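Asks: Next up is a structure, given as structure tokens.
The values are calculated or read from the model by the stated rules, or taken from the named source; none is laboratory data. Since this is a predicted model, take the numbers as computed values, not measurements. Every residue, glycine among them, receives a Cβ derived from its backbone with ideal geometry; neighbour counts consider all protein chains shown. Heads up: the accessible areas ignore ligands, DNA and RNA and are worked out on the full protein's heavy atoms, side chains in. Shrake-Rupley method; radii C 1.70, N 1.55, O 1.52, S 1.80 Å.
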Amino acid sequence: MIAEAKSKARLLAKQRRQDLGSNGAPSDLIQHFPTSRLRGKQIAGYWPLKGEMDIRPFLLALSDLGFALSLPCVSGPSRPLIFRKWGQGDEMRAGHFKVQEPHPHQEEITPEFVLMPLLAFTADGKRLGYGGGYYDRTLAKLRAEGDVFACGVAYAGQEVPELPTDEHDQPLDGILTEQFFRAFA
């Protein structure tokens, strides 16, 4: 029942996101980025898939501010993501789902602040991902090991009133959009 509801919500969220225009959104992120929420200098970003907000210019701006960056790498099915050091010009490779990842020789990093893509979010911090559970497993592991801030990145128009969730779904600590940053309790 919940799987069917999530599947339906994903289809609607993908259509909704497709209808949104970027309108310079990635460059607007820096205006709303919550530097006061940072607990350290290790930030994990993501390499955008089609339709996701392209945060690469934003990540480069964070790098210029002195933050160490990493990107997620799939380490295997049903396993948490790992994060490897990344900077502009670093060697990349096509990983799982053909997503660009830092080369395996890059240092593995444990991020303190994780920026993650999503299909939809709610005003109370629920997140709808793609259904693979990678970020849910990863956040559960990171939270069990220490303090991490999980921040979704989306267009403001991806906010929805309600999302189907279950006990495996990890909530967001905050959401960053081209219009605002919001922290959740």
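Asks: Can you tell me which of Glu162, Glu145 is closer than 22 Å to Lys6 by Cβ and either of a type outside the set (S, T, N, Q) or modelled with pLDDT under 95 (or both)? Steps first, please.
Replies: Values: Glu145 fails: closer than 22 Å to Lys6 by Cβ.
Step by step, each of Glu162, Glu145 is checked, and only Glu162 is closer than 22 Å to Lys6 by Cβ and either of a type outside the set (S, T, N, Q) or modelled with pLDDT under 95 (or both).
Asks: Oh, and also: Which condition does Ala144 not pass, out of (1) open to solvent by 40 Å² or more (accessible area, probe 1.4 Å); (2) farther than 18 Å from Lys41 by Cα; (3) in contact with a helix residue (DSSP H, G or I) (Cβ under 8 Å, 6 or more places away or on another chain), if it passes all the others?
Replies: (3)
Asks: Those residues that are assigned to a loop (DSSP other than H, G, I, E, B), aliphatic (A, V, I, L, M) and free of Cβ contacts under 8 Å to residues at least 60 places away in the same chain, I need them from segment 52-108; list them, please. Break it down stepwise before answering.
Replies: Of the residues in segment 52-108, the ones assigned to a loop (DSSP other than H, G, I, E, B) are 52-55, 65-67, 74-81, 86-91, 95, 99, 103-107.
Checking the rest, the ones that are also aliphatic (A, V, I, L, M) come to 53, 55, 65, 74, 81, 99.
Across segment 52-108, the qualifying residues are Leu65, Leu81, Val99.
Asks: With the structure loaded, tell me whether Tyr134 is open to solvent by less than 50 Å² (accessible area, probe 1.4 Å) and aromatic (Phe, Trp, Tyr) or whether it fails that test. First the steps, then the outcome.
Replies: On the way: open to solvent by less than 50 Å² (accessible area, probe 1.4 Å): yes; aromatic (Phe, Trp, Tyr): yes.
It is true that Tyr134 is open to solvent by less than 50 Å² (accessible area, probe 1.4 Å) and aromatic (Phe, Trp, Tyr).
Asks: Which number in (1) closer than 25 Å to Thr35 by Cα; (2) open to solvent by 40 Å² or more (accessible area, probe 1.4 Å) marks the one condition that Glu91 misses?
Replies: (1)
Asks: Of all residues in segment 76-88 being open to solvent by 30 Å² or more (accessible area, probe 1.4 Å) and under 19 Å from Leu115 (Cβ atoms), which is modelled with the lowest pLDDT?
Replies: Applying the first criterion (open to solvent by 30 Å² or more (accessible area, probe 1.4 Å)) to segment 76-88 yields 77-80, 82, 84-85, 88.
In the following step, the residues that additionally are under 19 Å from Leu115 (Cβ atoms) were identified as 80, 82, 84-85, 88.
Values: Pro80: 97, Ile82: 97, Arg84: 98, Lys85: 97, Gln88: 88.
Top of the filtered list is Gln88.
Asks: I need every pair where a residue in segment 141-154 that is under 17 Å from Ser75 (Cβ atoms) has its Cβ under 6 Å from the Cβ of a residue that is open to solvent by less than 20 Å² (accessible area, probe 1.4 Å), sequence separation at least 6 or different chains.
Replies: Leu142/Val148
Residue-wise test of (1) open to solvent by less than 30 Å² (accessible area, probe 1.4 Å); (2) within 19 Å of Arg37 (Cα to Cα).
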position: His103; (1), (2): no, no
position: Leu118; (1), (2): yes, no
position: Phe149; (1), (2): yes, yes
position: Tyr155; (1), (2): yes, no
position: Val160; (1), (2): yes, no
position: Asp166; (1), (2): no, no
position: Gln179; (1), (2): no, yes
